[in-house]
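Trainee: One structure, pasted below without further comment.
Throughout, read-outs are computed from the coordinates displayed, never taken from laboratory work. As the structure is a prediction and not an experimental result, all values here were calculated from the model.
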Amino acid sequence: MSWLKIFFNAVFYKPILNALIFLTAMLPGHDLGLAVILLTVIIRTLMFPMTHKMLKTQNAMKIIEPEVKKIYADKKNKEDQAKALMELYRKHGVNPLSGFFILLIQLPILFAMYQVFLYGLPFPAGEVYSFLKIPENINTMFLGFIPLTEASIGLAALAALSQFWQAKLAFPPKTAPPAKGDLPDRQAGMGQAMQWQMLYVFPFIIFILGFKLPAAVSLYWTAMNVFAIVHEARVRKKARETLSHARG
């Protein structure tokens, strides 16, 4: 076993597996669906400081977008552009790479959830901490009719729709094409292509994966997106209020 796999199992897979077993054992009726949602709440709470900072950065990037365009229009030299952008980011406390770091953290968590449900129940006793006990009768039917250990087209579609909604909320509304002297056409085109992929391609990929993976993974992804949507809406509202006060 490679050191990377040992690290993944110790830091992500086993803690998530055992947390899910613990929550399932504690909940009335040993409801696995409720345990997945509750586990999502716990993970989101632990990640809250990082995700909150990322969302503030995203909204700050939207606010300073006119200043970014002005830098590209006024400074033709790449080095001057880079220096001006770094100064602008530092002035507003923006870290453009924060979203990438959050994604790096979320992916292994998603892979761990996938591995937890890959082989379905019963949970592997050899991976359970010694102080825990796997419940004998686990309710794997979410809402009474969706088996969480099998693929569900309904939950897969819900995961894809929630991903689309989250991406739609995260991106600013479409603006008119950049005028001459604004961001270079090639750079603007790359940004639009990335936005299109996040809005349409990624949700489609989520649907295809959800259609093939156990429904518990789709449930986890949907719950994650719902919390992200609520969080994003609150941060955007706060940012608008702060901006209106500043202009007032």
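Trainee: Take the cross-link list Lys56/Lys83; Lys91/Lys238; Lys168/Lys238; Lys83/Lys168 and give me the ones stretching past 24 Å between alpha-carbons.
Mentor: Pairs exceeding 24 Å: Lys83/Lys168.
Trainee: For the stretch 1-86, what does the alpha-carbon gyration tensor say about shape, rounded, prolate or oblate, given a ≥ b ≥ c as the root eigenvalues, a/c under 1.5 as rounded, and a/b over b/c as prolate?
Mentor: Verdict is oblate for the stretch 1-86.
Trainee: Skipping prolines and chain starts, which residues have an amide H placed within reach, meaning under 5 Å, of the one on Asn139, given they are 5 or more residues away or on another chain?
Mentor: Asp31, Leu32
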